[in-house]
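All of the numbers you see were taken from the coordinates with simple rules; none came from a lab. Because the structure is predicted, anything quoted here is derived from the model rather than measured. So basically every Cβ, Gly included, is an ideal-geometry build from the backbone, and we count neighbours across all protein chains shown.
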Amino acid sequence: MIFDTHAHYDDEAFDQDRDELLNSMNENGIINIVNVGADIRSSGNSIALAERYDYIYAAVGVHPSDTAGITEDDLEQIQVWTKEEKVVAIGEIGLDYYYKEPEKEIQRKWFVKQLELAKSCGLPVIIHSREAANETFEILKSYGDKISGGVIHCYSYSPELAKEYVKMGYYIGIGGVVTFKNAKKLKETVEACPLDSIVLETDCPYLSPEPNRGKRNSSLNLPYVVSEIARLKKVSDAEVIERTYRNALDLYHIHPAKNNKN
Ligand code: NI
């Protein structure tokens, strides 16, 4: 009953064996996946995957690092897609100041425009935020409960800030990084946050957990992430799987009765 809340199976890293891999998920306990868009093309490809596979859902949006070339027409396209039945979130959107480009002002502009879209269509948001802790937090805080919840994906900031996000109703996305020996801050974040605020994610093909660090990632590696969270929270693997599954349904407003595997 594992729910991968953040994957990129449209990535070319899966071109050789995509269908074979996606056909093997359910028998390996991966029950649902949200494939997340990072630009217009991958958002469209995410919807195509959701149409092909019953158990896959899609998120549509433009990643901060891809905002340089986007237009109002693109934004309109995203808005049209939000009406598709299997589109469950706007994302991934946010701020990434790790790289100098695009300029902060451009990233901010499109982050806010996509938040406005999320506000008007009532979908939750998938937030990508790197080296932009304060600004991301201030912007999301200014929206308060006008946004229908969301997840701070690949969370990389302090345990204290995570608790603030949890108070605001956001989920904290935990993936392969938590298994890395040097991920002290992230392990502390998992200890500090209630299990009811954590969701599992891969961000595949990136960020494979130990012992597969450096290799292509897939949802099949999530049991390693589950075990590390279970160790940190002093609960069983089964409990982590069950509760994060419920959290993911709640995050994406997926009604269990409507979900094909429930
Ligand atoms: Ni991603």
Per 0.36 nm of contour for each residue apart, how much would the distance between Glu103 and Asp237 grow if the chain were fully extended, relative to their Cα-Cα spacing? 44.0 nm
According to a simple spin-label model (label point 7 Å from Cα along Cα-to-Cβ), what is the distance in nm between Glu84 and Lys113? 2.0 nm
The aspartates and glutamates whose Cα lies under 20 Å from the Cα of Lys109, excluding any fewer than 8 residues away in the same chain, are Asp39, Asp66, Glu72, Asp73, Asp74, Glu76, Glu92, Asp96, Glu101, Glu131, Glu135, Glu138
Taking Rh as the Kirkwood radius computed over C-alpha pairs, what is the Stokes-Einstein D of the range 66-212 at 37 °C in a medium of viscosity 0.692 mPa s, expressed in µm² per second? 205 µm²/s
Report, in order of residue number, the helices in the chain meeting two criteria: a C-alpha extent of 27 Å or more along the helix axis, and a mean Kyte-Doolittle hydropathy of at least 0.0; treat each whole DSSP H run as one helix. none
Cα-only radius of gyration and Dmax that characterise the range 132-222, units Å: 13.6, 41
To the nearest whole percent, what portion of all C-alpha pairs in the chain is separated by more than 27 angstrom? 31 percent
Which of the trypsin sites (Lys or Arg not before Pro) found in the range 96-143 are in a DSSP loop and have at most 12 neighbouring Cβ atoms, other than their own, within 10 Å? Lys100
Under 15 Å by backbone N from the virtual spin label 7 Å along Cα-to-Cβ at Ser148, the residues of the range 82-109 are 82-91
To make sure I understand the rule: partners must be lysines, Cα under 20 Å from the Cα of Lys113, and not fewer than 8 residues away in the same chain. Which ones qualify? Lys83, Lys104, Lys141, Lys146
Rounded to the nearest 500, what is the 222 nm mean residue ellipticity of the chain from helices alone, with -39500 (n - 2.57) per DSSP H run of 4+ residues and division by all residues? -12000 deg cm²/dmol
Determine how many Å³ per residue the convex hull of the Cα atoms of the range 32-94 encloses. 66 Å³
Tally Lys and Arg at +1 and Asp and Glu at -1 over the other residues with C-beta under 15 Å from the C-beta of Gln16: what net charge comes out? -4
Using the beta-carbon distance between Gln16 and Thr71 and R0 = 41 Å, what value does 1/(1 + (r/R0)^6) give for FRET efficiency, to the nearest 0.05? 0.80
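Expressed in nm², what is the orientationally averaged projection area of the convex hull enclosing the Cα positions of the range 1-66?
4.3 nm²
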Simple label model, 7 Å out from Cα along Cβ direction - Tyr206 to Lys141, nm: 2.7 nm
Could you calculate the FRET efficiency of Lys163 with Arg52 from 1/(1 + (r/R0)^6), where r is the beta carbon distance between them and R0 is 41 Å, rounded to 0.05? 0.60
